[in-house]
Amino acid sequence: MKTAIFALVFACLVAVACAYANHELIEQINNDARSTWTAGANPYFADKSLDEIKSILGYRKTSRVQLPPLILPVPEDLPVNFTSADQWTKCPTMSLIWNQAECGSCWAFGAVESFTDRYCVVSGQTENPTFSPQYMVSCDMDADGCQGGEASIAWNFIQSAGLPTNSCQPYTIPTCPPDQQPCLNFKPTPRCVRSECTGEGTWQTYKTSKIYSVSGNQGGALMQTELSTNGPFEACFTVYEDFVHYTSGVYVHRSGSALGGHCVRIVGWGEENDTPYWLVANSWTTYWGDNGYFKILRGRNECGIESDCVAGIPAFN
């Protein structure tokens, strides 16, 4: 686990004042009495241009893989607040914020993170593997590596090819190339290495027994049921310029143009000041947002967050 994925300190990190920031937009949001969230400059985007930020938004919807929904009966007593890490305390990965680094690999991270969490949920073990996003990014030929992919393709790859552990194939894409200061865009997809470890351990792959879409109908109640039953799942949505500046609160798009698509991992839900939200883990380190997390309006398909959700059930031989 001591890899670039979980690196929380990196060479190109600078003061918040140096981070990309549209100060006019930030002021507009923070002075809006209707706003349910607070905007600011995020150090994760230190020395990045808006074009470089767009390059890590790797959700490219192609609809090449269509997945049927798995509909679970909605319980009558869904709690007001739910967090996966509190529900499955034996699964430490549920509290991790991953790092996709200088690569449009969010489509892979949302899937691999969720699959890692779900494996722990169903394994019944105290020690569980963390899976390799590197292998998916490099070897899923139905996607475009660091240039993008989509959730259904990512989960289809897990089901068909399987994933090795992260210790076997660690993530090698840097957040900032050590010989380039300030950070410049760096996103070549690493070469695919099949059937052998580039790190530690022996080669073994893990798959799903089924994959499916998660319906956002019934005001998100089906998503809540899936989350509380089987664990975190992947969701993809449209990123607008104001989202780049999120720091706390319940995000609702207020201003700025669309920058691209992004995939993440939904880990909980709740209410804040009577505003319902999804709790979401991003893959931009803890130097973005609310220590790596964000809350987004629940039940209204805000920015499409409830329209492309995918999950799967880990297989055990």
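The values are calculated or read from the model by the stated rules, or taken from the named source; none is laboratory data. Being a predicted model, the structure only gives us computed values, none of them experimental. No Cβ is skipped: glycine too gets one built from the backbone with ideal geometry, and neighbour counts run over all protein chains shown.
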Residue check, Ser167 surrounded by 24 or more Cβ atoms within 10 Å (Cβ to Cβ), among the small types (Gly, Ala, Ser), out of contact with any Phe, Trp or Tyr (no Cβ under 9 Å at 6 or more places or on another chain) and touching a residue at least 24 places away in the same chain (Cβ under 8 Å): no
Residue among Gly256, Gly249, Gly268 that is farther than 18 Å from Ala281 by Cβ and crowded, with 17+ Cβ neighbours inside 10 Å: Gly256
Failed condition for Gln125, given (1) out of contact with any helix residue (DSSP H, G or I) (no Cβ under 8 Å at 6 or more places or on another chain); (2) touching a residue at least 40 places away in the same chain (Cβ under 8 Å); (3) within 17 Å of Asn230 (Cβ to Cβ): (2)
Segment 14-40, residues that are assigned to a loop (DSSP other than H, G, I, E, B) and either modelled with pLDDT of 50 or more or touching a helix residue (DSSP H, G or I) at 6+ places or on another chain (Cβ under 6 Å) (or both): Tyr20, Ala21, Asn22, Asn31, Asp32, Ala33, Arg34, Ser35, Thr36, Gly40
Qualifying residue in segment 123-144 (condition: closer than 30 Å to Asp47 by Cβ and surrounded by fewer than 20 Cβ atoms within 10 Å (Cβ to Cβ)): yes
Every pair of residues 6+ apart whose Cβ atoms lie under 6 Å, when the first sits in segment 97-112 and is in a loop (DSSP other than H, G, I, E, B) while the second is surrounded by 24 or more Cβ atoms within 10 Å (Cβ to Cβ) and among the charged types (D, E, K, R): Trp98/Glu113
Residue list for segment 295-317, filter: part of a strand (DSSP E or B) and surrounded by fewer than 24 Cβ atoms within 10 Å (Cβ to Cβ): Leu297, Ile313, Pro314
